[in-house]
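The values are calculated or read from the model by the stated rules, or taken from the named source; none is laboratory data. Please read all numbers here as calculations on a predicted model, not as lab measurements. Here the Cβ positions follow ideal geometry from the backbone for every residue, glycine too, while neighbour counts run over all protein chains shown. Only protein heavy atoms, including side chains, enter the accessible area calculation; ligands, DNA and RNA are left aside. Shrake-Rupley method; radii C 1.70, N 1.55, O 1.52, S 1.80 Å.
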Amino acid sequence: MVEYNNTNSRSNSFVSLSLRILVSIFSLLFFSCDKDDIEKEEITSSFEIKIDNDQFKFTNGSVGAIENCERISVGVQSDKSAKENFTIVINLLKNGGIGNVQLFDYRFNNNPYETPDFKTDGLLTISNFEYDEAKKYLHFEYEGELLKVETDFNSLDKNQPRKKIKGVVTINNIKSVKCNTFISQLNFKTNTLKFVTNRHLASYDSGLKLNPYQFFFYSDNGYRTIFRSNKDLWSLDKGTYAFDQNTLENRIDFEQYTGIFRATQLLWIRPQDWKKFQTSGSYTITEHVIINFTKVTKGQMNLQVYDNGLLIYNISNGTFEVTGF
């Protein structure tokens, strides 16, 4: 069964934010000068891409790049000919983590392709990443595969066609857009695991007697951290809240995605696709603040993660920033 939040749910996820960024990028591209007008100009922006066996290169006004809300989006939109009729947008975190990649290939049946819903970095690699915010400079290389987007629930467990992409991006003039929202995040690093939030979901279900408030943080490497609480975190007093493996209320769970690679745009979440570990630890609420007219709770977390009694991760440096209901 697909997991639904049936009362009050919201998403501060990178996916929802990227829809607005897409509009901004396409606006930049629409008003950009024609390729023929920039042939003699110095190349300040370059987007190289190989789609399967077809190689393309776009420069300067043909490339859109925006920094917004701690995220970076780079894209090209080509409609000069049937041979080049496609659009691609690469959404990254400022640390080089993968938000998602969207390819609309109008050359072949108008099929959309994307990175997987979960474990976003499972089929695509970002390398040689460099971002200088002060200089508005970005460089990275990318290589991997995108999945044909599946919208049929009955085909969730079927492997979908893939499209190979590879290329290099260099931007010297990223446009910064004022952030008018706030994106929840949770991050930590151990010797063997790095967790960087690329998507956040939150829900409130009044029908749940235990933990009606749930805050989901997804990492691009296929893990999710879940705060389960009887109260909105904004309503909790500042201080430390401890739990162990047997605690039912006000706890943090940790899970790993074990399903197949799929891209749905709808983010179908099924319990059977996730492996749940045993956890104990504590979280400390350090601050409640208003950011962009949004209630934000900040804090730190310590988490011990066990797999059948064996300690596999000891997290002591986790930080979180969560928007309230």
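Details
- Among the criteria (1) over 24 Å from residue 71 (Cα atoms); (2) in contact (Cβ under 8 Å) with a residue 12 or more places away in the chain; (3) loosely packed, with under 14 Cβ neighbours inside 10 Å, the one residue 150 does not fulfil is (3).
This table checks each residue for (1) acidic (Asp, Glu); (2) at pLDDT 95 or above; (3) open to solvent by less than 10 Å² (accessible area, probe 1.4 Å).
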| residue | (1), (2), (3) |
| --- | --- |
| 299 | no, yes, yes |
| 302 | no, yes, no |
| 307 | yes, yes, no |
| 322 | no, yes, yes |
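- Comparison of 96, 122, 75 shows that the only residue that is within 22 Å of the chain's Cα centre (by Cα) and open to solvent by less than 10 Å² (accessible area, probe 1.4 Å) is 75.
- Selection of segment 153-171 for residues being exposed (fewer than 15 other Cβ atoms within 10 Å of the Cβ) and either of a type in the set (D, E, K, R) or free of Cβ contacts under 8 Å to residues at least 60 places away in the same chain (or both) yields 154, 155, 157, 158, 161, 164.
- Residue match in segment 243-256 (condition: of a type in the set (S, T, N, Q), more than 28 Å from residue 92 (Cα to Cα) and surrounded by 20 or more Cβ atoms within 10 Å (Cβ to Cβ)): no
- Applying the condition of being out of contact with any strand residue (DSSP E or B) (no Cβ under 8 Å at 6 or more places or on another chain) and in contact (Cβ under 8 Å) with a residue 60 or more places away in the chain to segment 268-294 and asking which residue is surrounded by the fewest Cβ atoms within 10 Å (Cβ to Cβ) yields 271.
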